[in-house]
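Undergrad: Supplied in structure tokens, the structure appears directly below.
The values are calculated or read from the model by the stated rules, or taken from the named source; none is laboratory data. As the structure is a computational prediction, the values presented were derived from the model and not from experiment. A quick note on method: Cβ atoms are made from the backbone with ideal geometry, for glycine too, and the neighbour counts reach across all protein chains shown.
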Amino acid sequence: MIDQRLLRTDYDAVHASLARRGSAAILADLASAAELDARLREIQGERDDLRAKVNAVSKEVGALRRDGRVEEAEALQAESREFGAAEKALDTEYDDLAQRLHDLLLGIPNTPHADAADGASDADNPVVTGPIGLPDSFPEWKRVPHWEAATQLGILDNERAVKISGAMFTMQRGAGATLARALCQYGLDLNADAHEEVRAPSLVSTATLTATGQLPKFADDAYAIERDDLWASPTAEAPLTSIYADEILDDHELPIRLMASSSSYRREAGSAGRDTRGMLRTHEFDKVELMAYATPSVAPELLGDMVQRAERAIAGLGLPYRVIEICTGDLGQSHYRSFDVEVYAPGADAWLEVSSISWLGDYQARRANIRFRRHDADGRPVKGTEFAHTLNGSALAVPRVWAAIIENHRNEDGSITIPEVLHPYMRGLTTIES
């Protein structure tokens, strides 16, 4: 969440920054948050005054009793009780307003980075790299949608997946399942030089999803296991971000780079009928996620590195791609600055987002209470702590990359040429045939 202190120390700057997101509702919430913060500070002052009066009256009552002036002491005691009742009422009001402010701050998005591209919607996202590897035209046999080509090959069986689990679930079979697994191992191996592999839990707590920003805003998109107050993880970003929740790291430990291959679960509320064919939008999918904790000064370099890693994965698969920057009006709730890698799928005739790489600033760390301590040149700890910066991104998200491989590497006879970088993981297969 944004720093509550900024509501009183730099409100105009926060307002101007959030105005770049183009939402009147966000600015209205910001104004309400500032009003609540101001009232809370007023209550603190009023309580301090009442406590001072109670203390003064208590001393006076004591003096009167010592002098034997009992009636006057009891009258003052009654007055003190009124002060106590007023203070209790202020305590109740304070707790109520503090909770309302906390809930409001959870819903206010991150302020965009100063260099983030301005824009109102995804239509304004500028292309910053590419297109790379995009031919002038595609032969007709590559214009077959992956859901048709893969079904003909017997490697995609969504009809039975729906029978098993319902709409928007998919099932790869045979070489299709091997290809999906191979993509995950490829994504892990490609980043093992810098990122520690983690096998994180697939079920996470409400606090964990709140830390990353999925809750409360995106509760409708998450699968809840209400009996146990757990949620099916919508992305490995969630557990990876909370590994160091409520901890203080040393600056010499940073950056910490992690990665995880996991299944992700999303209800995709409101997406019925939109990109739901084949593998484009599903309730369950596999993904390799990259995550980093960093100091503010190192974070920009890490962002660039993670974008390059996502590019390298797609380029290695021989897929046409481009990189776009997410404009301020399209930024996610927690995002400070963000880039997407998109691949072109000739059968679907669309650019498909396959990786989103984001710098979150201290937004998530503030929610999860992840801090770090600096040290001076002599190695002595500096007084105080700071919130760490977090970054995350998809090293490789299986469904759309899988789909793009089926469409881009389809041959005239309907077979699929498997990218060479995946051969070590395919049990000897180099092509997928009927």
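Undergrad: Being over 25 Å from GLY187 (Cβ atoms) and surrounded by fewer than 19 Cβ atoms within 10 Å (Cβ to Cβ) narrows it down to one of VAL298, VAL382, so name that one.
TA: Step by step, each of VAL298, VAL382 is checked, and only VAL382 is over 25 Å from GLY187 (Cβ atoms) and surrounded by fewer than 19 Cβ atoms within 10 Å (Cβ to Cβ).
Undergrad: Return the total of residues in segment 91-148 being in contact with a Cys (Cβ under 9 Å, 6 or more places away or on another chain) and among the charged types (D, E, K, R).
TA: Number of matching residues: 3.
Undergrad: Please enumerate the residues belonging to segment 56-78 that are loosely packed, with under 15 Cβ neighbours inside 10 Å and either touching a Phe, Trp or Tyr at 6+ places or on another chain (Cβ under 9 Å) or closer than 26 Å to LEU40 by Cα (or both).
TA: Correct list: ALA56 only.
Undergrad: Could you please give the count of residues in segment 132-158 that are in a helix (DSSP H, G or I) and more than 24 Å from THR178 (Cα to Cα)?
TA: The number of residues fulfilling the criteria is 1.
Undergrad: Another question, then. Looking only at residues that are touching a Lys or Arg at 6+ places or on another chain (Cβ under 8 Å) and surrounded by 18 or more Cβ atoms within 10 Å (Cβ to Cβ) in segment 224-248, which one is nearest to LEU188 (Cα to Cα)?
TA: Going through the qualifying residues, I end up with ALA236.
Undergrad: Exactly one of these conditions fails for PRO216: (1) crowded, with 22+ Cβ neighbours inside 10 Å; (2) farther than 27 Å from VAL343 by Cβ. Give me its number.
TA: The failed condition is (1).
Undergrad: Would you list the strands (runs of 3 or more DSSP E) that sit entirely within segment 314-386 and hold 3 or more residues that are among the polar types (S, T, N, Q) and in the same structural domain as PHE138 (by TED's automatic domain parsing)?
TA: Output list reads 350-359.
Undergrad: Here is a further query. Report yes if some residue within segment 328-348 is at pLDDT below 95 and within 28 Å of PHE138 (Cα to Cα); otherwise report no.
TA: Looking through segment 328-348, at least one residue is at pLDDT below 95 and within 28 Å of PHE138 (Cα to Cα).
Undergrad: Have a look at SER415, SER394 and point out the one that is within 20 Å of LEU190 (Cβ to Cβ) and touching a strand residue (DSSP E or B) at 6+ places or on another chain (Cβ under 9 Å).
TA: SER394
Undergrad: Taking into account only those residues within segment 1-19 that are surrounded by 18 or more Cβ atoms within 10 Å (Cβ to Cβ) and within 21 Å of the chain's Cα centre (by Cα), which is modelled with the lowest pLDDT?
TA: The qualifying residue modelled with the lowest pLDDT is MET1.
Undergrad: Still on this structure, please answer the following. Which residue out of ALA116, ALA123 is in a helix (DSSP H, G or I) and at pLDDT 95 or above? Steps first, answer last, please.
TA: Values: ALA116 fails: in a helix (DSSP H, G or I).
Just a single option satisfies the conditions, and that option is ALA123.
Undergrad: Only one residue in ALA404, ALA395 is in a helix (DSSP H, G or I) and of a type in the set (Gly, Ala, Ser), so which one is that?
TA: Details: ALA395 fails: in a helix (DSSP H, G or I).
Residue meeting the stated conditions: ALA404.
Undergrad: Filter segment 161-180 down to the residues that are closer than 15 Å to ALA149 by Cβ and out of contact with any Phe, Trp or Tyr (no Cβ under 7 Å at 6 or more places or on another chain) and list them by number. Talk me through it step by step, then tell me what you get.
TA: Let us first name the residues in segment 161-180 that are closer than 15 Å to ALA149 by Cβ, namely 170, 172-176, 179.
Selection gives THR170, GLN172, ARG173, GLY174, ALA175, GLY176.
Undergrad: Return the residue satisfying two criteria in turn: it lies in segment 159-176 and is of a type in the set (S, T, N, Q) and outside any helix (DSSP H, G or I), and of such residues it is farthest from the chain's Cα centre (by Cα).
TA: It comes out as GLN172.
Undergrad: Now, a different point. Of the residues ASP193, ASP251, ASP246, which single one is of a type in the set (Asp, Glu) and free of Cβ contacts under 8 Å to residues at least 60 places away in the same chain?
TA: Numbers: ASP251 fails: free of Cβ contacts under 8 Å to residues at least 60 places away in the same chain; ASP246 fails: free of Cβ contacts under 8 Å to residues at least 60 places away in the same chain.
Every option except ASP193 fails the conditions.
Undergrad: Could you please find all residues in segment 249-263 being small (Gly, Ala, Ser) and buried (at least 19 other Cβ atoms within 10 Å of the Cβ)?
TA: Taking segment 249-263 and keeping what is small (Gly, Ala, Ser), we get 260-263.
Listed by number, the residues that qualify are ALA260, SER261, SER262.
For every residue, the table says whether it meets (1) surrounded by fewer than 14 Cβ atoms within 10 Å (Cβ to Cβ); (2) over 29 Å from SER242 (Cβ atoms); (3) in the same structural domain as TYR336 (by TED's automatic domain parsing); (4) without any contact (Cβ under 8 Å) to a residue 60 or more places away in the chain.
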position: ARG100; (1), (2), (3), (4): no, no, no, no
position: VAL128; (1), (2), (3), (4): yes, yes, yes, no
position: SER137; (1), (2), (3), (4): yes, yes, yes, yes
position: THR151; (1), (2), (3), (4): no, yes, yes, yes
position: ALA161; (1), (2), (3), (4): no, yes, yes, yes
position: SER165; (1), (2), (3), (4): yes, no, yes, no
position: GLN172; (1), (2), (3), (4): no, yes, yes, no
position: VAL198; (1), (2), (3), (4): no, no, yes, no
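One line per residue, one yes/no per condition, for (1) touching a residue at least 60 places away in the same chain (Cβ under 8 Å); (2) small (Gly, Ala, Ser); (3) in contact with a helix residue (DSSP H, G or I) (Cβ under 9 Å, 6 or more places away or on another chain):
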residue: ILE2; (1), (2), (3): yes, no, yes
residue: ASP12; (1), (2), (3): no, no, no
residue: ARG20; (1), (2), (3): yes, no, no
residue: ALA25; (1), (2), (3): no, yes, no
residue: ASP49; (1), (2), (3): no, no, no
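Undergrad: In segment 195-247, what residues are among the small types (Gly, Ala, Ser), more than 18 Å from HIS389 (Cα to Cα) and part of a loop (DSSP other than H, G, I, E, B)?
TA: Answer for segment 195-247, where residues must be among the small types (Gly, Ala, Ser), more than 18 Å from HIS389 (Cα to Cα) and part of a loop (DSSP other than H, G, I, E, B): ALA200, SER202, ALA222, SER233.
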